[in-house]
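The values are calculated or read from the model by the stated rules, or taken from the named source; none is laboratory data. Everything numeric here is computed off the predicted structure, so don't read it as measured data. Please note: Cβ atoms are built from the backbone with ideal geometry, for glycine as well, and neighbour counts cover all protein chains shown. Side chains are part of the model used for accessible areas, which takes the heavy atoms of the whole protein and leaves out ligands, DNA and RNA. Shrake-Rupley method; radii C 1.70, N 1.55, O 1.52, S 1.80 Å.
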Amino acid sequence: MEKFGKAQPVARVEDVKFLTGAGRYVEDIAPQGALHGFVLRSAVAHARIAVDVAEARRADGVALVLTAQDLADAGIVNDIPASIVRNADGSKGAAPARPILAQTHVRFVGEPIAMIFAHTLDQARDAAELIEVDYDELPVKVDVAVGGPAIHEEAPDNLAFDYAKGDRARVEAALDGAAHTVEVVVEDNRIICNSMEPRGCWAQMEAGRLHFSVNGQGVWGFKARISKALGMEADDVRVTNPDVGGGFGMKAMTYPENYLVAHAARVLNRPVRWMSERTEAMLSDNAGRDLVSTVRMGFDAGHKLVAYDVQTVANMGAYNSQFAQNIQTELFSKVLMGVYDCQDAFMGVKGVFTNTTQVDAYRGAGRPEAIYVLERAMDYAARDLGVDPWELRRRNFIRADQFPYVSATEQPYDVGDFHAVLAKVEAACDKAGFEARRATSARAGRLRGMGLCYYIESILGDPSETTRVDFVDGRAVMYVGTQSNGQGHESVYRQFLSDQTGIPVSAIEIVQGDSDLIPVGGGTGGSRSVTVQNTATLATVEQIITDFSAYLRDKEGAQVRFEDDRFRVEGSNMALTMLEVADAARADGREDLLSHAQTITLDQRSFPNGAHVAEVEIDPDTGVLEVVRYTVTDDFGNLINPMLVEGQIHGGVAQGIGQAVSERVVYDEDGQLLTATFMDYGMPRADDVPFMAFSTHCTPSKYNPMGMKGCGEAGTVGALAAVANAVQDAVAARGIQRVDMPFTPERMWRMLGA
């Protein structure tokens, strides 16, 4: 099939390359003869330090050892910038420096102290063992609470920020006057990203310019930050992304190793490389979640939500990271009110520093946390009120005729039909037959529960994007500003361009991840890619059609129209494909017609939403929990490739189930990570994930011309609360009033035994 219609399920073109081992990842393409980097990391969570690297510098094969003093001597500011939000009183959140290399203090186990570059990795490791670090240990803080031993002078109570949104007095008055109030505490456990490919990078000098290659989620943030840190002109730095084996938000930001590898390549004037090991990644990658929220809800006599208040304490780790404060405040608040019609809402988020690795973006961080809090609270409220959880949601949905609708957290929802989506998933999951299934489980000695989550998320990230299409030798080369981390961008972009132009998919090439070839782009994150990039592609195609039609009109002296994938010249039988027109323009010397680019900026976010229904079975004798059924109905607006969408949902749900049933980061009282290998950290496996019934209900977005809404994070957003609510439903008959993830066999066994 040479041309695909909209919403056709088309297999990914990338898969053959990846499944046959032909992918080109950062470790595969490192320059021959590159020196190997190894990072010496802190062995303790909090201490004053003194470092002696003299013997390491004399070790066999060592070309360079970098310390904080070496960075200072080179004029490099030893501080990785972070986003800082405003506190409730208008002041800025705490902004202690986050060093590239620790200088006088270390603040978490795994913090980089020095980096060694040697001819072999073993030589670099051996040299690291020769470095003497004198640790004068300081008190450690790992509890998520304000106060305790200070980690930074800039935050004497370890308070990173104290954010608020809404009208507290109005909410308190509404809660005081409510017929029913409910208060619950909801925990959201800490998790590690664990992308299939750990972080890595290499760098080399090329004709006086720095070429930095990294398995990130875009190139422009790396280019801007590295050039600034190294005091280089931006034009003298080229950043490339090769194939990337998973990002999940964790690879969107810069890390200490990126600056050190880039600096080393310039100092040594030879290529250098670094690749993280798995335990190293678990110690040093930005983690996610780790919040405790207290939720109060007020309902009138008819069980309509009249007021809502959530107060959250979030673990920021040892330092502010690039997006963390924004994620835990602004992103969190954008979807906090969800799909419910309530205009009295107040929220507060306190970020707290602890001696653990920092928290940042992970699989849509901010969105899953907000929806998890909201949907767990709604289930608690339903039980407290004696109402069916599905009915309580229906009573409080924003109705279809209320759109456009501005939520209490100031989000302008454009369109939605939540009642229709819920009705569709109710039929698909066979809710009517659930009690019979529960009875069957009970006869087998097992507890069975059903859990519902209705989510909404805001997607967009950077609202601007550019698409450029060049016509070269009978094919179209499309340059995009996003970066695939395994989502299938190459497939969907080729499919979309083919659908809009008639150019055969086999004649389309996608170019991404090169700051020399693509001067600006928003990268990948926040489920933005397909929506923003394809809107830019649509604008570029419109420009191509306009320019090619004008060229043919001038050439043939007749009107031209583009229909059925052909430029048709009135009064003749001439009907040319887009590639044929490009060839004609090239033959006529019209090089100006062989490259077209358009930049767009979307004014508003779009709001994918949907319902997830999980059923679980629990063996009370062993505590073993199994997710036995899972049903999803989503509203993603118009789809381009339903097969890719379903794949995204499967992956997201698997990640959500993983957090719900097995994933949990644990630190001991000294700040040592106890879950630093896959022997101790429970990643989800194939037998943890059931068959998923997936369907969609489309209400096209009005905030972009294609009516798309994005889907990348929706699986995780819905899965957490759906599974947790199912567990709560299963154990309610035993008198258990509160459950918290993860639902490991040991935790479930103890809970049921108690």
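Some notes on this structure:
- Residues satisfying the stated conditions in segment 339-350, i.e. open to solvent by less than 10 Å² (accessible area, probe 1.4 Å) and closer than 22 Å to Asp360 by Cα: Met347, Gly348, Val349
- In segment 728-741, residue nearest to Gln533 (Cα to Cα) [restricted to those that are outside any helix (DSSP H, G or I) and not charged (D, E, K, R)]: Met741
- Scanning segment 603-646 for residues that are assigned to a helix (DSSP H, G or I), out of contact with any strand residue (DSSP E or B) (no Cβ under 8 Å at 6 or more places or on another chain) and open to solvent by less than 40 Å² (accessible area, probe 1.4 Å) gives a single hit, Leu644.
- Only one of the numbered conditions (1) more than 22 Å from Thr631 (Cα to Cα); (2) open to solvent by 20 Å² or more (accessible area, probe 1.4 Å); (3) modelled with pLDDT of 95 or more; (4) touching a strand residue (DSSP E or B) at 6+ places or on another chain (Cβ under 8 Å) is not met by Pro389, and that is (1).
- Only residues that are within 30 Å of Val352 (Cβ to Cβ), among the β-branched types (Val, Ile, Thr) and open to solvent by 10 Å² or more (accessible area, probe 1.4 Å) were counted in segment 104-132, giving 2.
- Of Ile640, Ile649, all but one fail to be of a type in the set (Val, Ile, Thr) and under 18 Å from Glu615 (Cα atoms); the exception is Ile649.
- Answer residue from segment 703-727, given it is at negative phi and assigned to a loop (DSSP other than H, G, I, E, B) and is surrounded by the most Cβ atoms within 10 Å (Cβ to Cβ) among those: Lys709
- Residue in segment 512-529 that is farthest from Asp603 (Cα to Cα), counting only those that are hydrophobic (A, V, I, L, M, F, W, C) and either open to solvent by 20 Å² or more (accessible area, probe 1.4 Å) or part of a helix (DSSP H, G or I) (or both): Leu517
- Helices (runs of 4 or more DSSP H) wholly inside segment 1-82 that include at least 1 residues being within 28 Å of the chain's Cα centre (by Cα): 15-19
- So Asn215, is it farther than 22 Å from Val310 by Cα, under 27 Å from the mean Cα position of the chain (by Cα) and polar (S, T, N, Q): yes
- Single residue of segment 647-671 satisfying the filter (among the β-branched types (Val, Ile, Thr) and in a helix (DSSP H, G or I)) that is modelled with the lowest pLDDT: Ile649
- Number of positions in segment 411-441 that are under 30 Å from Phe346 (Cα atoms), touching a strand residue (DSSP E or B) at 6+ places or on another chain (Cβ under 8 Å) and open to solvent by 20 Å² or more (accessible area, probe 1.4 Å): 3
- Failed criterion for Glu490 (all others in (1) open to solvent by 40 Å² or more (accessible area, probe 1.4 Å); (2) part of a strand (DSSP E or B) hold): (2)
- Residues of segment 21-51 that turn out to be open to solvent by 10 Å² or more (accessible area, probe 1.4 Å) and of a type in the set (Ser, Thr, Tyr), as a count: 1
- Cross-chain or 6+ apart pairs with Cβ under 7 Å, segment 456-472 first and farther than 25 Å from Gly221 by Cβ, then modelled with pLDDT under 90 and crowded, with 24+ Cβ neighbours inside 10 Å: Ile456/Val335; Ile456/Gly338
So that you can scan it fast, the table gives a plain yes or no per residue for (1) modelled with pLDDT of 95 or more; (2) farther than 23 Å from Tyr479 by Cα:
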{"residue": "Val237", "(1), (2)": "yes, no"}
{"residue": "Met253", "(1), (2)": "no, no"}
{"residue": "Pro256", "(1), (2)": "yes, yes"}
{"residue": "Ala281", "(1), (2)": "yes, yes"}
{"residue": "Leu291", "(1), (2)": "no, yes"}
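- Asp516 satisfies every condition listed in (1) out of contact with any strand residue (DSSP E or B) (no Cβ under 8 Å at 6 or more places or on another chain); (2) charged (D, E, K, R); (3) touching a residue at least 12 places away in the same chain (Cβ under 8 Å) except (1).
- For segment 461-477, taking the residues that are touching a Ser or Thr at 6+ places or on another chain (Cβ under 7 Å) and more than 11 Å from Gln533 (Cα to Cα), the one that is most open to solvent (accessible area, probe 1.4 Å) is identified as Asp470.
- Pick from segment 493-503, criterion open to solvent by 10 Å² or more (accessible area, probe 1.4 Å) and part of a helix (DSSP H, G or I), ranking: nearest to Leu538 (Cα to Cα): Gln500
- Sole residue being in contact (Cβ under 8 Å) with a residue 40 or more places away in the chain and not charged (D, E, K, R), chosen from Val39, Val16: Val39
- Test: residue in segment 373-385 that is open to solvent by less than 30 Å² (accessible area, probe 1.4 Å), part of a loop (DSSP other than H, G, I, E, B), in contact (Cβ under 8 Å) with a residue 60 or more places away in the chain and out of contact with any helix residue (DSSP H, G or I) (no Cβ under 6 Å at 6 or more places or on another chain): no
- When segment 530-571 is filtered for residues that are hydroxyl-bearing (Ser, Thr, Tyr), surrounded by 15 or more Cβ atoms within 10 Å (Cβ to Cβ) and either over 30 Å from Leu460 (Cβ atoms) or out of contact with any helix residue (DSSP H, G or I) (no Cβ under 7 Å at 6 or more places or on another chain) (or both), the ones remaining, listed by number, are Thr531, Thr535, Thr540, Ser549, Tyr551.
For (1) of a type in the set (Gly, Ala, Ser); (2) over 28 Å from Thr601 (Cβ atoms), each residue gets a yes or a no:
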| site | (1), (2) |
| --- | --- |
| Asp388 | no, yes |
| Leu422 | no, yes |
| Ala428 | yes, yes |
| Asp462 | no, no |
| Glu465 | no, no |
| Ala476 | yes, no |
